[in-house]
Amino acid sequence: MKKIIFLLFTFFTFYNIQAQEVKTLTYFQNDTLKLDLDLYLPKKKAGEKIPLIMFAFGGGFSGGERTSEKEFGKFMAQNGYAVASISYSLYMKGKDFGCKGTLTEKIKAIQIGVSDMWQATAFLVENADKYNLDTSKIFISGISAGAEIGFHASFWDYKLMNLYKSNLPKNFKYKGFIGGSGAIQDINLITKEKAIPMLLAHGSNDDTVPYAAGSHRSCPTNASGWLILFGSYAVYNQMNDLHKDIELITFCGGGHEFSGYLFHEGQQYVLDFVNDVLKGKKFESHLIVPSKNGESSGKYLFCE
């Protein structure tokens, strides 16, 4: 019996290794900057193009690494999806991204990160045939600062906000967005025409990135780094008003520690979401997870 179990373990381990591969590619380079991405690819199937998920890590635009969520990349690849985990410019490294920082610098950090994401996306669109990618099925995702990149890459005006060579196809649109504890600067950017399906997760007591409408890092209005942001709950309400597909997981009483949930413990939620989007399913849901420590948000009746 033990021998059979060992052989099964060996088989499935070998299968999982064979079912995906990782390629490190340089997607942007100039005289001063070189940016790479790790492309997790599933086992190829003849004649079948692979959907792609772009991913940006978190770290306040000052830290973090693209390899931090490699288990997510492997999981999705083993289930038939390609994942591109990108490096991007850490513009705030050595700078204050908090309340004593500068508003213009914060916005610039986001704009640079978004422009990097657009460049990475364009690179893979241009090389889609080489890696067997389906350019009509490109999702975008991220954690915290990476989720802010995802939000703004999805809804900012590409021609107006892109800092580099404009090489995304005309009228390009991401297929869906998966965000952990992210936010957008202007909720009105999410319109009926621009809306894409979303899967979001956020703690209701997040004092780093607001869960609803609020200031970044909970800064007072007279702070030099004051920046208004609209978090996952505000986006959920906006999408509901527009009658667009949205799933939100709220961790009642939770803080920013839940920013990586979807890419760690909640990987199955991501897989189900992209499957549903590609099948054309319509959905709207709000999963409320009670606080384990007994805390409530004090603001939301559904958390009491």
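The values are calculated or read from the model by the stated rules, or taken from the named source; none is laboratory data. As the structure is a prediction and not an experimental result, all values here were calculated from the model. In this analysis, Cβ positions are derived from the backbone assuming ideal geometry, glycine residues included, and neighbour counts consider all displayed protein chains. What goes into the accessible areas is simple: the full protein's heavy atoms, side chains included, and nothing from ligands, DNA or RNA. Shrake-Rupley method; radii C 1.70, N 1.55, O 1.52, S 1.80 Å.
Go through the residues of segment 239-254 one by one and say whether even a single one is part of a loop (DSSP other than H, G, I, E, B) and basic (Lys, Arg).
Taking segment 239-254 and keeping what is part of a loop (DSSP other than H, G, I, E, B), we get 242-245, 252-254.
From the residues that got through so far, the ones that are basic (Lys, Arg) too are 244.
Scanning segment 239-254 turns up at least one residue that is part of a loop (DSSP other than H, G, I, E, B) and basic (Lys, Arg).
With respect to Leu287, is the statement that it is among the hydrophobic types (A, V, I, L, M, F, W, C), closer than 20 Å to Asn205 by Cα and not in a loop (DSSP other than H, G, I, E, B) true?
Here the answer is yes, as Leu287 does meet what is asked.
Could you name every one of the helices (runs of 4 or more DSSP H) located completely within segment 33-140 that has at least 2 residues being open to solvent by 50 Å² or more (accessible area, probe 1.4 Å) and over 30 Å from Asn222 (Cβ atoms)? Talk me through it step by step, then tell me what you get.
On the way: elements: 70-78, 103-126, 128-131.
In segment 33-140, 70-78, 128-131 are the helices (runs of 4 or more DSSP H) which contain 2 or more residues that are open to solvent by 50 Å² or more (accessible area, probe 1.4 Å) and over 30 Å from Asn222 (Cβ atoms).
Give segment 265-284 a look and list any residue that's closer than 18 Å to Gly254 by Cβ and in contact with a strand residue (DSSP E or B) (Cβ under 7 Å, 6 or more places away or on another chain), or say none.
The answer is Gly266, Tyr269.
Here is a yes/no grid of residues against (1) in contact with a Gly (Cβ under 7 Å, 6 or more places away or on another chain); (2) crowded, with 16+ Cβ neighbours inside 10 Å; (3) polar (S, T, N, Q):
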| position | (1), (2), (3) |
| --- | --- |
| Ile190 | no, yes, no |
| Ala195 | no, yes, no |
| Asn205 | yes, yes, yes |
| Val209 | yes, yes, no |
| Trp226 | no, yes, no |
| Tyr233 | no, yes, no |
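Specify which of the listed residues (Ser87, Ser62) is polar (S, T, N, Q) and in contact with a helix residue (DSSP H, G or I) (Cβ under 8 Å, 6 or more places away or on another chain).
Ser87
State which residue is least open to solvent (accessible area, probe 1.4 Å) when the search covers only segment 1-32 and only residues that are modelled with pLDDT under 90 and either in contact with a Phe, Trp or Tyr (Cβ under 7 Å, 6 or more places away or on another chain) or in a loop (DSSP other than H, G, I, E, B) (or both).
Checking each candidate, the answer is Ala19.
Do we find a residue being in a loop (DSSP other than H, G, I, E, B), open to solvent by less than 60 Å² (accessible area, probe 1.4 Å), closer than 14 Å to Gln111 by Cβ and not aromatic (Phe, Trp, Tyr) anywhere in segment 144-159?
No, because not a single residue in segment 144-159 is in a loop (DSSP other than H, G, I, E, B), open to solvent by less than 60 Å² (accessible area, probe 1.4 Å), closer than 14 Å to Gln111 by Cβ and not aromatic (Phe, Trp, Tyr).
Spot the failing condition for Pro210; the list is (1) within 17 Å of the chain's Cα centre (by Cα); (2) part of a strand (DSSP E or B), and only one is missed.
Just one mismatch for Pro210, condition (2).
Counting only residues that are of a type outside the set (Phe, Trp, Tyr), in contact (Cβ under 8 Å) with a residue 60 or more places away in the chain and under 21 Å from Asn237 (Cβ atoms), which one in segment 247-262 is surrounded by the fewest Cβ atoms within 10 Å (Cβ to Cβ)?
Start the filter on segment 247-262 by keeping residues that are of a type outside the set (Phe, Trp, Tyr), which leaves 247-250, 252-257, 259-260, 262.
Going one step further and asking which of them are in contact (Cβ under 8 Å) with a residue 60 or more places away in the chain, we end up with 256, 259-260, 262.
Those left that are additionally under 21 Å from Asn237 (Cβ atoms): 256, 259, 262.
Values: His256: 18, Ser259: 27, Leu262: 25.
Restricting to residues being of a type outside the set (Phe, Trp, Tyr), in contact (Cβ under 8 Å) with a residue 60 or more places away in the chain and under 21 Å from Asn237 (Cβ atoms), the top hit is His256.
Just a yes or no: is a residue in segment 263-282 surrounded by 15 or more Cβ atoms within 10 Å (Cβ to Cβ), under 28 Å from Asn171 (Cα atoms) and of a type in the set (S, T, N, Q)?
no
Being part of a loop (DSSP other than H, G, I, E, B) and surrounded by fewer than 21 Cβ atoms within 10 Å (Cβ to Cβ) is the filter; apply it to segment 175-187 and report the residue that is farthest from the chain's Cα centre (by Cα).
Residues of segment 175-187 that are part of a loop (DSSP other than H, G, I, E, B), as a first pass: 175-176, 181-182, 185-186.
Checking which are surrounded by fewer than 21 Cβ atoms within 10 Å (Cβ to Cβ) leaves us with 175, 185-186.
Values: Lys175: 12, Gln185: 16, Asp186: 18 Å.
Per the stated criteria, the residue is Asp186.
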